[in-house]
Amino acid sequence: ASAKNTIFGRYLRSQYYRPPSLTLTPSNLLTSTQGGLDDADQTWTAGDTYLFSSTLVNQFRASVDRTGIHRFDSNFVSSCDLGVQNIYCGYVPHQSTFSIGTAGVNGFSVGPGTGGEAAAHSTTYQLNNDVSWVHGAHQVNYGFGASTYKMNFLGNVYSQNSWTFANIPAFLLGQITTLSESAPNPLVQQKWFFDGYIQDTWKMTQHLTINVGVRWEPSLPPGMLNNAAYNFSFANMMAGVKSTTYVKAPPGLSFPGDPGFNGLSGVKNQWNLFAPRVALAWDPKGDGKMVIRASYGISYDYVNGSMYVNSADSPPFGNTTILTSGQFSNPFAGNPGANIFPYSLNSNSPFVNGGTYIAEQPNMKATQVNQWNFVIQRQFGNDWVA
């Protein structure tokens, strides 16, 4: 734009398509284990670099990334198509997963398992501004950033009905090892991220350079926009304290909207996370042939959004139920309370018997890494370094 100002923009798109294997070999049910993929990724990036002077440079960056993933399969056969009684197949018609024995050795599989029908769209927005300032023996870098992502995922891990049989004789006799069933499992969340830092690289002497800095990086857990998060308290369970949001929940569980629940995540924010780091480089003789380096720093990270997958699939949201025995023809005959499908999610939703729960912990801490190193490097002659 001028001698001092440079502006750039970039757009990238990549796309991948793979048809279901059953489409290519429609007479072979065993190929249904590899479903189809229809994926696309798009990235928009813009930036501005401005030279205030020969010693002061400002860089601004903005980006948007959008990923779309669609997993699917051709129709083959569902539990209902095979005549199973009292089971619901309406979420993913004509598709169920069957695993018999050890595939490839003394068994086989039909259906894509956890890779069944699903759609996921996630969008990330990010802004960063960085300043570099050279002043005498110092080079000071500082900056700040902010980003947010929104994820909208709808899967059918168990809503297509997932069956396992110990071996081929058990399959022929209809003796199941497990039946896993649930409603579709949505993962609808948003996360915010902020950071700021300052760093000084100081050439203290001709032989010694010191680098010190600190980064502020608060931990803000992702919020479940459909309220699919929960906590569990053993003390509240013993005291018989129940949720006012979902009235049929077992004692001890709490959800967004209940007293004391933390936002839409169930985990407390940690605003006071500061990550210091220090490093030095020493050239004993000043001839550039030997250097001693040492550094220490603290870094933080956050668990990705899939931490909440089991929340989204637990009662009352997905109501995952796993039967560990029974007869294929009528698996709920010995456990009729486990068959609650289909149902609508509301304050009076049922909680399946034997539901699967993995609760978020309100005081969960951010991942912290302490890292240090020590290096001695020496040049010998013109061609060797140790």
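The values are calculated or read from the model by the stated rules, or taken from the named source; none is laboratory data. The structure displayed is predicted, hence computed values, not measured ones. Heads up, the Cβs are rebuilt from the backbone with ideal geometry, glycines too, and the neighbour counts pull from every protein chain shown. For the accessible areas, the whole protein counts, side chains as well, though only heavy atoms, and no ligand, DNA or RNA atoms are used. Shrake-Rupley method; radii C 1.70, N 1.55, O 1.52, S 1.80 Å.
Here are a few things to note about the model shown:
Condition check ((1) open to solvent by 40 Å² or more (accessible area, probe 1.4 Å); (2) at pLDDT below 95; (3) in contact with a Ser or Thr (Cβ under 8 Å, 6 or more places away or on another chain); (4) outside any loop (DSSP other than H, G, I, E, B)) across all residues:
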| residue | (1), (2), (3), (4) |
| --- | --- |
| 38 | yes, no, no, yes |
| 45 | no, no, yes, yes |
| 49 | no, no, yes, yes |
| 65 | yes, no, yes, yes |
| 87 | no, yes, yes, no |
| 108 | yes, yes, no, yes |
| 129 | no, no, no, yes |
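- Test for residue 233: is it touching an Asp or Glu at 6+ places or on another chain (Cβ under 8 Å) and without any contact (Cβ under 8 Å) to a residue 60 or more places away in the chain: no
- Condition met for residue 41 (closer than 30 Å to residue 23 by Cβ, acidic (Asp, Glu), in contact (Cβ under 8 Å) with a residue 40 or more places away in the chain and touching a Leu at 6+ places or on another chain (Cβ under 9 Å)): no
- A count restricted to segment 190-205 and to residues that are out of contact with any Phe, Trp or Tyr (no Cβ under 6 Å at 6 or more places or on another chain) and part of a strand (DSSP E or B) stands at 11.
- Residue match in segment 173-187 (condition: free of Cβ contacts under 8 Å to residues at least 24 places away in the same chain and closer than 30 Å to residue 337 by Cα): yes
- Pick from segment 1-27, criterion without any contact (Cβ under 8 Å) to a residue 40 or more places away in the chain, of a type outside the set (Ser, Thr, Tyr) and surrounded by 11 or more Cβ atoms within 10 Å (Cβ to Cβ), ranking: nearest to residue 66 (Cα to Cα): 18
- Contacts under 9 angstrom Cβ, first residue in segment 357-386 being of a type in the set (Lys, Arg), partner surrounded by 11 or more Cβ atoms within 10 Å (Cβ to Cβ) and not in a strand (DSSP E or B), 6 or more apart: 378/289
- Scan of segment 206-219 for residues that are part of a loop (DSSP other than H, G, I, E, B) and without any contact (Cβ under 8 Å) to a residue 60 or more places away in the chain, ordered by number: 218
- Meets criteria (over 21 Å from residue 196 (Cβ atoms) and modelled with pLDDT of 95 or more) for residue 291: yes
- Scanning segment 90-103 for residues that are in a loop (DSSP other than H, G, I, E, B), open to solvent by 50 Å² or more (accessible area, probe 1.4 Å), closer than 19 Å to residue 176 by Cα and free of Cβ contacts under 8 Å to residues at least 24 places away in the same chain turns up at least one hit.
Here's the yes/no breakdown for (1) within 25 Å of residue 329 (Cα to Cα); (2) in contact with a Phe, Trp or Tyr (Cβ under 9 Å, 6 or more places away or on another chain):
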| residue | (1), (2) |
| --- | --- |
| 54 | no, no |
| 66 | no, yes |
| 74 | yes, no |
| 83 | yes, no |
| 86 | yes, yes |
| 96 | yes, yes |
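- Entirely in segment 274-386, the strands (runs of 3 or more DSSP E) that have 2 or more residues that are surrounded by 16 or more Cβ atoms within 10 Å (Cβ to Cβ) and small (Gly, Ala, Ser): 274-282
- In segment 67-85, residue nearest to residue 142 (Cα to Cα) [restricted to those that are in a loop (DSSP other than H, G, I, E, B) and touching a His at 6+ places or on another chain (Cβ under 7 Å)]: 75
- Just one of the numbered conditions (1) among the basic types (Lys, Arg); (2) open to solvent by less than 40 Å² (accessible area, probe 1.4 Å); (3) within 30 Å of residue 140 (Cβ to Cβ) is not true of residue 215: (2).
- Restricting 105, 84, 131, 110 to those that are among the hydrophobic types (A, V, I, L, M, F, W, C) and under 29 Å from the mean Cα position of the chain (by Cα) reduces the list to 110.
- Test: residue 121 is without any contact (Cβ under 8 Å) to a residue 60 or more places away in the chain, closer than 30 Å to residue 61 by Cα and open to solvent by 50 Å² or more (accessible area, probe 1.4 Å): yes
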